[in-house]
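The values are calculated or read from the model by the stated rules, or taken from the named source; none is laboratory data. Everything numeric here is computed off the predicted structure, so don't read it as measured data. Neighbour counts run over all protein chains shown; Cβ positions are idealised from the backbone, glycine included. The accessibility values were calculated without ligands, DNA or RNA, using every heavy atom of the protein model including side chains. Shrake-Rupley method; radii C 1.70, N 1.55, O 1.52, S 1.80 Å.
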Amino acid sequence: MTARPPSLPACQSALDHQPTVVGHRNLVAKRWAWLILVVCLTAMSVYAGVGQSLRKLVGLTLVSLCLYPLLLWATALALHRTRRVAAILETYPWRAYPCEFPRRTGESPKVIMIRFSDDHAPVLRFTPFSVNLAQKQNPQPDTIWFAGDPRFGGVVSPVGGHFPVRVVPEAPVGPIPDGSPEDDALAERAGLITGGKVHRT
């Protein structure tokens, strides 16, 4: 017997939904694990250079100087961005919309198209990393839960709210619906925009 897909929670905030709390906690833990791994790799490369010949030591130093600062910056930034995910989830409730996962180069869909209305179906990009939400314990791959502002992006999850992922709009191909001053103020409070400028991270 097929399990019934979870219904939308009757919550003012998506972060009031317990599976979403757990999902966000797992996201933060994963980003911390990446950061610790990069730090450990850096320390191991320094230790490996002890007692090596000058040539090998120079090679390890060059790799460390070129590669690890970039990895450290990327993982630290990804960890920092989880705060914006939390702010969005605290500000908006979950809403369910039809969706598609357009195929592009590579195996994993890097974008999602959400049909917010007949006139507005933008393509949103996953950030900071691509993910295949259609395969993340998703009982309804043609439906997505969305928390945010359709004009500026937000957070999506497979039905159930257990796997929150940040999404940002790609370059618009059509007119963007107008919003009220209250909508703009809400988007500003959630960190989707600052001074009318859309955050794309």
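In table form, for the structure just shown:
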read-out	value
Any hit, the range 86-98, residues being modelled with pLDDT under 90 and crowded, with 16+ Cβ neighbours inside 10 Å	no
Selection from the range 16-29 of residues that are touching a strand residue (DSSP E or B) at 6+ places or on another chain (Cβ under 9 Å) and either outside any helix (DSSP H, G or I) or open to solvent by 40 Å² or more (accessible area, probe 1.4 Å) (or both)	Pro19
Matching residues, the range 30-51, being open to solvent by 60 Å² or more (accessible area, probe 1.4 Å) and at pLDDT 70 or above	Lys30, Trp32, Trp34, Ile36, Leu37, Val39, Cys40, Leu41
Scope the range 170-183; condition at pLDDT 90 or above and open to solvent by less than 70 Å² (accessible area, probe 1.4 Å); matching residues	Asp183
Arg115 vs. criteria more than 18 Å from the chain's Cα centre (by Cα), within 16 Å of Glu170 (Cβ to Cβ) and modelled with pLDDT under 85	no
The one condition in (1) touching a Lys or Arg at 6+ places or on another chain (Cβ under 6 Å); (2) open to solvent by less than 60 Å² (accessible area, probe 1.4 Å); (3) modelled with pLDDT under 85 that Val131 fails to fulfil	(1)
Residue in the range 142-151 that is modelled with pLDDT of 90 or more and of a type in the set (Asp, Glu) present	yes
